[in-house]
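The values are calculated or read from the model by the stated rules, or taken from the named source; none is laboratory data. Here the structure is a predicted model, which is why all the values come from computation and not from measurement. Here the Cβ is made from the backbone with ideal geometry for all residues, glycine too, and neighbour counts use every protein chain on show. For the accessible areas, the whole protein counts, side chains as well, though only heavy atoms, and no ligand, DNA or RNA atoms are used. Shrake-Rupley method; radii C 1.70, N 1.55, O 1.52, S 1.80 Å.
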Amino acid sequence: MEPTSTPAADKAASDAARKAAEAAEKEFTTMSGKSIRARYGQEDLQGDADVKIGEPGRYPFTRGPYESMYRGRNWTMRQFAGFGTVEETNERFHYLLDHGQTGLSTAFDMPTLMGYDSDHARSLGEVGREGVAVDTIDDMEILFQGIPLGEVSTSMTINAPAAILLAFYVLVGEQQGVPSEKLSGTIQTDILKEYIAQKEWCFPVEPAMRLVTDMVEYCTDQMPRWHPISISGYHIREAGATAAQELAFTLKDGFTYVERAIERGIDVDAFAPRLSFFFNAHIDFFEEIAKYRAARRIWARELKETYGAKKPESMRLRFHTQTAGVSLTAQQPLNNIVRTAIEALAGVLGGTQSLHTNSFDEALALPTEEAVRVALRTQQIIAEETGVTNTPDPLGGSYFVESLTDELEADAYEYFRKIDELGGMVEAVRQNFPQREIGEAAFDFQRRVDDGEFTIVGVNQYVTEEEEVPLLHIDPALETKQVERLAATKAKRDSAAVESALASLKEAAAGEANLMYPILDAARVHTTEGEMIEAMQEVFGTYTETPVF
Amino acid sequence: MSSAVAEPKTDRKIRVVVAKPGLDGHDRGAKIIARALRDSGMEVIYTGLHQTPEQIVETVIQEDADAIGVSILSGAHMTLVPKILELLKEEGVDDVLITVGGTIPNKDIDDLKAMGVSGVFTPGSPTEAIVEFIRSGVSRREL
């Protein structure tokens with residue numbers, strides 16, 4: 001019998017055909033706009049797949065830097081904290097350690113990041129707002145009061161004035177009886193990404209690069225357990241970069257630091273093992289995992305083949321991860337707990353060594369204690385309930401993940417080529433190349449959100465009435481308190497010693513000596529951060545960006 | 001196509017200063033908005049980062065701006081915005097549409113509006129809504 005044909009059945013059939021055709025035509029992409037095929041298979045593991053994928057803990061480290069990964073030791077749970085004065089932040093540090101956090105991470109306020117003291121006119125209204133204010137060694141001492149610096153590892157997010165904050169930390173260690181070779185932790189120091197994305201600078205690019213190399217040299221000699229640079233893609237991504245741009249610009253920044261240190265005459269195997277990375281964990285799950293795996297492979301290959309590293313530790317990329325602040329929404333803030341959990345899981349499946357999970361209220365203000373606790377618990381749930389830590393790189397060999405890893409790797413090399421054509425990363429930064437690429441990507445992504453091409457739940461889809469959440473309020477009186485403390489320090493110190501230390505610092509800046517030593521001398525006699533920065537600016541000058549949009 | 005009848009009398013483009021006060025470097029939003037305003041046919045002057053309120057007000061006056069978009073993500077909005085408003089007042093500038101964008105808690109939004117800010121846009125605001133707000137706000141003032 002012939003099938004009966006009715007107008008309704010015809011319509012249903014043609015609707016179904018249209019939908020199927022649309023589905024076939026619809027483009028599936030990652031959030032960075034990378035095209036995803038309907039199927040991945042054996043044919044995607046071509047060529048030297050075995051060599052490229054390898055084994056966890058072995059070159060090229062695609063599957064992870066260590067053989068046993070989280071079976072041996074969990075990642076470090078390191079929540080970034082800092083607000084108000086050093087007393088408040090010290091209290092938050094103790095709170096986090098008491099709740100099972102395993103490392104500290106310090107956020108400094110904007111004046112500290114820009115090298116202004118709390119009493120500077122430019123600091124008005126900004127002291128302690130986005131991090132903690134530290135002006136002198138006295139502040140640093142209170143910040144780490146009751147925290148054994150020989151046992152807890154500390155990360156400090158500071159770049160342009162990093163050398164000064166490192167000096168403060170070393171001196172506080174000394175006061176606690178912990179010699180510098182016993183201090184462990186990380187200081188960000190990644191100045192290239194400041195010009196590219198985070199935009200907190202003090203000096204022009206070249207003298208800033210010298211200061212970075214001075215720190216690498218100092219730490220190689222004096223602080224064997226310290227990571228002098230945390231080469232950071234996080235801020236590049238937050239500024240709007242795609243996953244591939246984050247990968248490419250970050251690694252290229254890293255290669256540039258390696259080149260500078262080698263030019264200084266430091267053996268690559270003496271410092272490369274102390275370089276670490278810091279990546280973003282954005283919401284596109286597999287693209288992020290592929291990004292971390294590609295990063296490890298590229299770093300290993302380049303350190304070995306281009307920079308002549310001999311030790312596996314020099315080739316082994318280790319990284320900290322922070323979930324994407326930019327993925328958090330002010331709308332329906334509780335949804336951010338879910339986003340953060342998924343992003344954190346990507347970091348873990350990508351093999352991170354430490355992790356910061358954002359708090360759900362951070363699109364609105366600095367996090368409350370409750371929100372920070374949920375964020376830390378999110379990590380603990382992943383670590384201890386889900387079973388994802390049972391075996392290293394559980395996604396290794398997945399046709400899709402390996403293929404995406406290869407693609408991101410190829411994208412990164414394409415960017416390396418473009419940057420080399422411009423004369424290297426320092427020159428590319430001067431020409432605003434990465435800045436412009438990131439701006440384009442940010443604008444394009446916003447357009448996709450505005451057009452509804454990319455869904456953000458609660459923002460352009462599933463919008464509901466707002467619920468209010470309690471927010472952390474920073475007392476403006478804290479600023480006065482900090483300014484008063486600074487005045488007290490200035491009143492009691494030996495001002496002749498300060499003058500002489502500043503003169504020596506300037507002299508060293510004008511010459512070629514390693515600046516860490518005169519900075520340590522100045523810090524010891526209670527010279528402020530701002531005074532040291534100004535002294536160096538008299539020699540080096542300042543930096544002004546030509547904005548592109 | 002010709003539709004000259006309903007065109008406004010002046011063909012001067014709307015001039016907007018996109019300003020980034022404070023010490024933070026969060027310029028993603030400011031740059032997206034600057035570009036969207038420019039693409040919609042406005043004249044955009046972007047101040048660049050780390051501007052003082054004094055520098056911003058000077059730019060507004062020099063550029064004879066119709067509107068100003070202040071982008072703040074540092075939490076210092078309750079210090080910086082009143083300062084900008086105060087300086088504008090001192091300079092006798094009262095015909096500029098003032099908008100603020102950034103991470104601004106609800107409670108502060110009300111306070112900013114009471115001080116004379118016309119619109120406050122928080123993360124997630126559609127770009128087009130901001131462009132439209134400035135366009136209609138400026139043309140209303142010119143009537």
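Considering only the stretch A:444-457, I want to know if a residue exists there that is open to solvent by 10 Å² or more (accessible area, probe 1.4 Å), in a helix (DSSP H, G or I), farther than 22 Å from A:Glu67 by Cα and among the aromatic types (Phe, Trp, Tyr). Within the stretch A:444-457, one or more residues are open to solvent by 10 Å² or more (accessible area, probe 1.4 Å), in a helix (DSSP H, G or I), farther than 22 Å from A:Glu67 by Cα and among the aromatic types (Phe, Trp, Tyr). Once the stretch B:19-41 is narrowed to residues that are more than 9 Å from chain A (Cβ to nearest Cβ) and under 22 Å from B:Leu88 (Cα atoms), the residue that is farthest from the chain's Cα centre (by Cα) is B:Pro21.
The number of residues in the stretch A:475-496 that are outside any helix (DSSP H, G or I) and either within 18 Å of A:Phe360 (Cα to Cα) or open to solvent by 60 Å² or more (accessible area, probe 1.4 Å) (or both) comes to 3.
Total residues in the stretch A:86-145 satisfying the condition of being in contact with a Cys (Cβ under 9 Å, 6 or more places away or on another chain) and outside any helix (DSSP H, G or I): the figure is 1.
Within the stretch B:38-61, how many residues turn out to be surrounded by 24 or more Cβ atoms within 10 Å (Cβ to Cβ) and more than 16 Å from A:Pro547 (Cα to Cα)? Of the residues in the stretch B:38-61, 2 are surrounded by 24 or more Cβ atoms within 10 Å (Cβ to Cβ) and more than 16 Å from A:Pro547 (Cα to Cα).
Taking the condition in a loop (DSSP other than H, G, I, E, B), modelled with pLDDT of 95 or more and surrounded by fewer than 24 Cβ atoms within 10 Å (Cβ to Cβ), does A:Gly265 pass? Against the criterion (in a loop (DSSP other than H, G, I, E, B), modelled with pLDDT of 95 or more and surrounded by fewer than 24 Cβ atoms within 10 Å (Cβ to Cβ)), A:Gly265 qualifies. Within the stretch A:87-144, restricting attention to residues that are among the charged types (D, E, K, R) and facing chain B (nearest Cβ under 10 Å), the residue that is surrounded by the fewest Cβ atoms within 10 Å (Cβ to Cβ) is A:Arg122.
Filtered by the rule that a residue be more than 10 Å from chain A (Cβ to nearest Cβ) and either more than 15 Å from the chain's Cα centre (by Cα) or open to solvent by 30 Å² or more (accessible area, probe 1.4 Å) (or both), the stretch B:62-84 gives B:Gln62, B:Glu63, B:Asp64. Scanning the stretch A:239-262 for residues that are of a type in the set (Ser, Thr, Tyr) and either out of contact with any strand residue (DSSP E or B) (no Cβ under 8 Å at 6 or more places or on another chain) or open to solvent by 20 Å² or more (accessible area, probe 1.4 Å) (or both) turns up A:Thr242, A:Thr256. Quick one: is A:Glu206 under 18 Å from A:Glu427 (Cα atoms) and more than 14 Å from chain B (Cβ to nearest Cβ)? The answer is yes for A:Glu206. Of the residues making up the stretch A:497-528, those that are open to solvent by 50 Å² or more (accessible area, probe 1.4 Å), among the small types (Gly, Ala, Ser), assigned to a helix (DSSP H, G or I) and within 20 Å of A:Glu217 (Cβ to Cβ) are A:Ser504, A:Ala510. Residues that are within 10 Å of chain A (Cβ to nearest Cβ) and assigned to a loop (DSSP other than H, G, I, E, B) within the stretch B:42-60 comprise B:Thr47, B:Gly48, B:Leu49, B:His50, B:Thr52, listed in sequence order. Within the option set B:Ile56, B:Ile45, B:Ile33, being among the β-branched types (Val, Ile, Thr), touching a residue at least 60 places away in the same chain (Cβ under 8 Å) and touching a helix residue (DSSP H, G or I) at 6+ places or on another chain (Cβ under 7 Å) holds for one residue only, B:Ile33.
Among the residues of this structure, A:Phe454 counts as one that is within 14 Å of chain B (Cβ to nearest Cβ), over 30 Å from A:Pro207 (Cα atoms), of a type in the set (A, V, I, L, M, F, W, C) and out of contact with any Gly (no Cβ under 8 Å at 6 or more places or on another chain). Looking for something under 12 Å from the mean Cα position of the chain (by Cα), surrounded by fewer than 20 Cβ atoms within 10 Å (Cβ to Cβ) and touching a residue at least 12 places away in the same chain (Cβ under 8 Å) - is there at least one such residue anywhere in the stretch B:98-117? Scanning the stretch B:98-117, I find no residue that is under 12 Å from the mean Cα position of the chain (by Cα), surrounded by fewer than 20 Cβ atoms within 10 Å (Cβ to Cβ) and touching a residue at least 12 places away in the same chain (Cβ under 8 Å), so the answer is no. Selection within the stretch A:460-474: residues that are away from chain B (no Cβ under 12 Å) and at pLDDT 85 or above. The member of this set that is surrounded by the most Cβ atoms within 10 Å (Cβ to Cβ) is A:Tyr462. Residues that are small (Gly, Ala, Ser) and not in a helix (DSSP H, G or I) within the stretch A:28-65 comprise A:Ser32, A:Gly33, A:Ser35, A:Ala38, A:Gly41, A:Gly47, A:Gly54, A:Gly57, A:Gly64, listed in sequence order.
Give the stretch A:145-169 a look and list any residue that's open to solvent by less than 10 Å² (accessible area, probe 1.4 Å), under 23 Å from A:Ala488 (Cα atoms) and away from chain B (no Cβ under 14 Å), or say none. Correct list: A:Ile164, A:Leu165, A:Leu166, A:Ala167, A:Phe168, A:Tyr169. Tallying residues that are away from chain B (no Cβ under 14 Å) and open to solvent by less than 70 Å² (accessible area, probe 1.4 Å) within the stretch A:529-549 yields 8. Looking at A:Ala309, A:Ala330, just one residue is at pLDDT below 95 and either within 14 Å of chain B (Cβ to nearest Cβ) or surrounded by fewer than 24 Cβ atoms within 10 Å (Cβ to Cβ) (or both), and that residue is A:Ala330.
In the stretch A:170-196, what residues are within 15 Å of the chain's Cα centre (by Cα) and open to solvent by 10 Å² or more (accessible area, probe 1.4 Å)? Passing the criteria: only A:Thr186. When the criteria are applied in full, A:Gly439 fails the requirement of being of a type outside the set (A, V, I, L, M, F, W, C) and part of a loop (DSSP other than H, G, I, E, B).
With the structure loaded, tell me whether A:Thr220 is open to solvent by 10 Å² or more (accessible area, probe 1.4 Å), in contact (Cβ under 8 Å) with a residue 12 or more places away in the chain, of a type in the set (Val, Ile, Thr) and within 14 Å of chain B (Cβ to nearest Cβ) or whether it fails that test.
Considered against the rule, which asks whether it is open to solvent by 10 Å² or more (accessible area, probe 1.4 Å), in contact (Cβ under 8 Å) with a residue 12 or more places away in the chain, of a type in the set (Val, Ile, Thr) and within 14 Å of chain B (Cβ to nearest Cβ), A:Thr220 comes out as no.
Given the structure, is A:Val449 touching a residue at least 12 places away in the same chain (Cβ under 8 Å), facing another protein chain (nearest Cβ under 10 Å) and closer than 27 Å to B:Ile104 by Cβ? No: the conditions fail for A:Val449. Close contacts from the stretch A:512-541, counting a first residue that is over 16 Å from A:Lys490 (Cα atoms) and a second that is assigned to a helix (DSSP H, G or I) and open to solvent by 40 Å² or more (accessible area, probe 1.4 Å), with Cβ to Cβ under 7 Å and a gap of 6+ residues or different chains, come to A:Asn514/A:Glu217; A:Pro518/A:Ser504; A:Asp521/A:Ser504; A:Ala535/A:Lys506; A:Glu538/A:Lys506; A:Val539/A:Lys506; A:Val539/A:Ala510.
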